[in-house]
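One structure below.
The values are calculated or read from the model by the stated rules, or taken from the named source; none is laboratory data. The model shown is predicted, which means the values in this text are computed figures rather than measured ones. We place every Cβ from the backbone using ideal geometry, glycine too, and count neighbours over all the protein chains shown.
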Amino acid sequence: MYRILLILSAITLVCSIAESLLDDNTQLAVNGICKQTTDTKFCGEVFANKLINSSPSKKDLVNVTVTEAERFSANTYFLISTLLRNDGDERPKSANDSGKILDLNDNFSASVGICKTDFIAPGYETNPMIEKNRETMVLMAMQKIVVHMVSS
């Protein structure tokens, strides 16, 4: 138990040092990027954990966001394929029947329209796909903001 606590303390220390190693201009840029996303904590953690030097260029910021999004996409794809493999494939048996596909599409659209669980409520277990979706949206927002900074 003591070793686990020591390891967690070391990880926390490394993360806080990594964040403090950014120079003032970079920290301001990271804060500006993260304030425009829906989850500033997740955004800040991505930059703090992935930025290598203390004063990265805009190109480094782009590389961090793109690399992290690619890694995250691969992990999400693996999770989905694992869930499908464990739970079975839920596609309709007659995939060529366009009527059934249209009905399925309408039902899916209606289900998505009434789904209001895209938030985190304390005390409730979050659906892993909803969490992945939220983090993907934050990563996409980070990419858009950083690319806009580079192009201007």
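Details
- Of the residues making up segment 126-151, not one is within 17 Å of D60 (Cβ to Cβ) and not in a helix (DSSP H, G or I).
- Looking only at segment 26-47, residues that are under 16 Å from M137 (Cα atoms) and among the aliphatic types (A, V, I, L, M) come to 2 in all.
- Pairs linking a residue in segment 39-50 that is without any contact (Cβ under 8 Å) to a residue 40 or more places away in the chain to a residue that is in a helix (DSSP H, G or I) and among the β-branched types (V, I, T), with Cβ atoms under 7 Å and 6 or more positions apart or on different chains, are G44/V30; F47/V30; F47/V64; K50/V64.
- Listed conditions (1) within 27 Å of K50 (Cα to Cα); (2) part of a helix (DSSP H, G or I); (3) in contact with a helix residue (DSSP H, G or I) (Cβ under 9 Å, 6 or more places away or on another chain); (4) at pLDDT below 85 are all met by L83, apart from (1).
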